[in-house]
Amino acid sequence: MAIGRKQPRGFRIIVRRMQHEFADGRLAAWMTEHVPGFSGPLQARVLSGGQSNPTYQLSAPSGEYVLRRKPLGLILPSAHAVEREFRILKALRGSAVPVPRVYDLCEATEIAGSPFYVMEFVPGRIFMNVDAAGVGRDERGAMFESMNATIAALHAITPAAVGLEDFGRPENYLQRQLARWTRQYRASITDPIVQMDQIIDWLGTHLPPERGGRLVHGDFKLDNLIFHPTEPHIVAVLDWELATVGDPFADFAYHVMPWHLEPDLFRGWAGLDLAALGIPSELEYVAAYARRSELAEVPAWRFYLVFSMFRLAAILQGIAKRAADGTAADSRASDVGRQARPVASRAWELASGSR
C-alpha cells in the first residue's frame, strides 16, 4: 500500500508474531475461497502508520494484498467499523474518487482474531509530512490541487447514486456528531482536559444550519492518500472507517486543520513557508474547494474548524486510552495520544477568539 514507509520500533518482533499467527493456514484457505486468483503460501508483515485498525501487507505467489482488521480486545462503541469501511470502498469503486479494489469481508473472528477485509495492494507514495524530501514546489502544488479536487468530488456524490442511501442519517448530523465525540472523549479520559468541556459547551451554542446528505470520509488527510509513484495525483484514498453520510463542510474543515497546526502538532504546516513549498494559503485552498462545489464561500467556517479540532482531540484521547490499556495498534500511540491536550487548547483559542 505504500513505498518507503519507515518501520516502527519492534517491527521484526511484530512481523514474527504475525507470521506465526497466520501460519496455521486459515487465512490462506479463506483467501483461496474469497480472493479471485489467489494462491499461497502466504506471508504477512505489518504496515506502519495506523493508530486504529491494524493493517498488514500479505505477500503470495499470486501477488500482493492488504488486510485490515479490527483491533483485538475491548474497543469503543461504533469504533473500528471495518464492515462499513469495506462497504464504502466497494461502492466507490469506479467513481470519481480513487479507491483500492476490495475482495471480501470476513465478519467471523476465527480466521484472524477479529473481523477483517482484504483489498488490493496499490503501489504509490504516502507522505507523512508535507515537506517530504524529493518533491519540488510545482509537484507539491499539483498534489494539493489533486487533494482539493478529490475531496470536492467525494462531496459531489449523492449516497443514493452509489447504493449508500442507508449508509447514515443526514438529519441532525452535527448534533449527533457532537454527542458522539463527547461520549467518545469522556469514555477515553485518562487525565481530564478542561478545554474539552469548554469547547463542548461552545459548540452546542453555535451549531449552524444543517447541511447533511453527502458522503464524508471522516479522516481525509495527507497520510491517508496514495499518490502515483511518479506523478502528483492521487491513485487511492485509504482509511474509510469513519465514513458516513453527513455535512461535507465538517469533512472539509477537518481536512484543512493542518493550516492551523504546527509540524510537531499532528504533522500540520502552520508556520512553514507555504509559498516556497508550493502550498496554497488556507484562503486560497478553501476558495478552490468552494469553486469546485459551486459555492460563493464555505459558511460558518470558524465553527467547522473548532468542531474539527475538538473531534481530532477526542480521537487522539482515544488513542491515548488504548495506549494506556495496551491495545493500541502502533508503538507510537502514547506519543500521538499526548497531542490531545495541545489540540484542544488550540481549538479553544480559536473558539474564544484569543487567536
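The values are calculated or read from the model by the stated rules, or taken from the named source; none is laboratory data. Small disclaimer: the values here were computed from a predicted structure and weren't measured. When we count neighbours, we look across all protein chains shown, and the Cβ atoms used for this are built from the backbone with ideal geometry, even at glycine.
Grab the strands (runs of 3 or more DSSP E) fully contained in the stretch 197-277, keeping just those with 3 or more residues being touching a Phe, Trp or Tyr at 6+ places or on another chain (Cβ under 9 Å). Quick ask: steps written out before the conclusion?
Details: elements: 214-216, 225-227, 234-237, 244-246.
Of the strands (runs of 3 or more DSSP E) lying wholly inside the stretch 197-277, those with at least 3 residues that are touching a Phe, Trp or Tyr at 6+ places or on another chain (Cβ under 9 Å) span 234-237, 244-246.
Have a look at Ser78, Ser95 and point out the one that is surrounded by fewer than 18 Cβ atoms within 10 Å (Cβ to Cβ), within 20 Å of the chain's Cα centre (by Cα), part of a loop (DSSP other than H, G, I, E, B) and at pLDDT 90 or above.
Details: Ser78 fails: at pLDDT 90 or above.
Just a single option satisfies the conditions, and that option is Ser95.
Give the residues of the stretch 189-211 that are within 30 Å of Ala91 (Cβ to Cβ) and touching a Leu at 6+ places or on another chain (Cβ under 8 Å), sorted by residue number.
Correct list: Leu207, Pro208, Glu210.
Taking the stretch 97-117 on its own, how many of its residues are touching a strand residue (DSSP E or B) at 6+ places or on another chain (Cβ under 6 Å) and not aliphatic (A, V, I, L, M)?
Final tally of qualifying residues: 8.
Of the residues Ala275, Ala323, Ala333, which is of a type outside the set (S, T, N, Q), over 26 Å from Pro209 (Cα atoms) and touching a Lys or Arg at 6+ places or on another chain (Cβ under 7 Å)? Walk me through it before giving the result.
Details: Ala275 fails: touching a Lys or Arg at 6+ places or on another chain (Cβ under 7 Å); Ala323 fails: touching a Lys or Arg at 6+ places or on another chain (Cβ under 7 Å).
Unique residue meeting the criteria: Ala333.
When only residues in the stretch 31-57 that are in contact with a strand residue (DSSP E or B) (Cβ under 6 Å, 6 or more places away or on another chain) and at pLDDT 95 or above count, which is surrounded by the fewest Cβ atoms within 10 Å (Cβ to Cβ)?
His34
Kindly list, by first and then second residue, each pair from a residue in the stretch 195-214 that is touching a residue at least 24 places away in the same chain (Cβ under 8 Å) to a residue that is in a loop (DSSP other than H, G, I, E, B), limited to pairs with Cβ atoms under 6 Å and residues at least 6 apart or on different chains.
Pro208/Ala300; Arg211/Asp247; Gly212/Pro170; Gly212/Asp247; Gly213/Pro170
Does the stretch 299-314 contain at least one residue that is in contact with a Gly (Cβ under 6 Å, 6 or more places away or on another chain) and either in the same structural domain as Ala287 (by TED's automatic domain parsing) or not aromatic (Phe, Trp, Tyr) (or both)?
Checked against the condition, which is being in contact with a Gly (Cβ under 6 Å, 6 or more places away or on another chain) and either in the same structural domain as Ala287 (by TED's automatic domain parsing) or not aromatic (Phe, Trp, Tyr) (or both), the stretch 299-314 yields no hits at all.
Within the stretch 112-139, which residues are under 17 Å from the mean Cα position of the chain (by Cα), in a loop (DSSP other than H, G, I, E, B) and under 22 Å from Pro100 (Cβ atoms)?
Passing the criteria: Val122, Ile126, Phe127, Met128.
Consider Gly271 against the criteria (1) surrounded by fewer than 17 Cβ atoms within 10 Å (Cβ to Cβ); (2) closer than 22 Å to Asp138 by Cα; (3) in contact with a helix residue (DSSP H, G or I) (Cβ under 8 Å, 6 or more places away or on another chain): it satisfies all of them except one. Which criterion is unmet?
(3)
Suppose the filter is closer than 22 Å to Asp131 by Cβ and either surrounded by fewer than 22 Cβ atoms within 10 Å (Cβ to Cβ) or among the basic types (Lys, Arg) (or both); does Leu295 pass it? Steps first, please.
On the way: closer than 22 Å to Asp131 by Cβ: no; either surrounded by fewer than 22 Cβ atoms within 10 Å (Cβ to Cβ) or among the basic types (Lys, Arg) (or both): yes.
When the stated conditions are applied, Leu295 does not pass them.
How about the stretch 169-196: which of its residues are of a type in the set (Ser, Thr, Tyr) and part of a helix (DSSP H, G or I)?
Matches in the stretch 169-196: Tyr173, Thr182, Tyr185.
Return yes or no: is Val118 modelled with pLDDT under 90, of a type in the set (A, V, I, L, M) and surrounded by 16 or more Cβ atoms within 10 Å (Cβ to Cβ)? Walk me through it before giving the result.
Details: modelled with pLDDT under 90: no; of a type in the set (A, V, I, L, M): yes; surrounded by 16 or more Cβ atoms within 10 Å (Cβ to Cβ): yes.
No, not satisfied.
What is the residue count in the stretch 100-115 for residues that are surrounded by fewer than 18 Cβ atoms within 10 Å (Cβ to Cβ) and polar (S, T, N, Q)?
Qualifying residue count, the stretch 100-115: 1.
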